[in-house]
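FYI, it's all coordinate maths here, none of it is from the lab. Everything numeric in this text was worked out from a predicted model, so none of it was measured. All Cβ positions, even for glycine, are placed from backbone atoms using ideal geometry, and neighbour counts span all protein chains on display.
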Amino acid sequence: MLDTAIFSWSENFRIGHGRIDQDHRAILHHLRALQCRPHAPCDVKKTLSTALKLRELCRSHFAEEEGLMRDFTDPVALVHRDIHTMRHGATMAHLDSVIAHLNGESEGIDLFKIIDRLTETLLMDITWLDFEMLTFTKVELSDEPGVVVSFPKALTRS
Ligand SMILES: [Fe+2]
Ligand SMILES: [Fe+2]
């Protein structure tokens, strides 16, 4: 049985950017609710509602992160931005597949496999990509939820 404890917020996930950390908490909360399994069938209406909330949250969350990466100029940072943005796109595609399935629009796909892929891309965002992103940005970090941070300046390596 899947251990849903891995979707509980941990201080180890905190990257020090109030709004992003606040979003990550909410993403983990929704991701946990989405972990329906074949042996414990989900309530389709409730799961669809969770998936739609998660899609809206991810849409604004990824837009904010991509805004932080907009001014990157360092070649290594640009490679990071490409990979990070591509993973955001993959996450949104997985979410769309989950929603289509729950809407009865694509019965050919394996819902549980798509949820696993979605989980993998989102956990990668939270535990790895966003930490790496901040090494390329200069932001005034704050642990306060909702605090507006200054716009980043791309790092130039000497
Ligand atoms: Fe991200
Ligand atoms: Fe993120």
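Under a plain spin-label model, where a point goes 7 Å from the Cα along Cα-to-Cβ, how far apart in nm are Ser8 and Thr85? Here the answer is 3.8 nm between the modelled labels. Neighbour counts of other Cβ atoms within 10 Å put Cys42, Cys58 in the fewest-to-most order Cys42, Cys58.
Evaluated at 37 °C with a viscosity of 0.692 mPa s, what Stokes-Einstein diffusion coefficient in µm²/s does segment 17-135 have when Rh comes from the Kirkwood expression over alpha-carbon pairs? Spell out each step's value before the answer.
Numbers: Rh = 14.9 Å.
D, rounded to a whole number, is 220 µm²/s.
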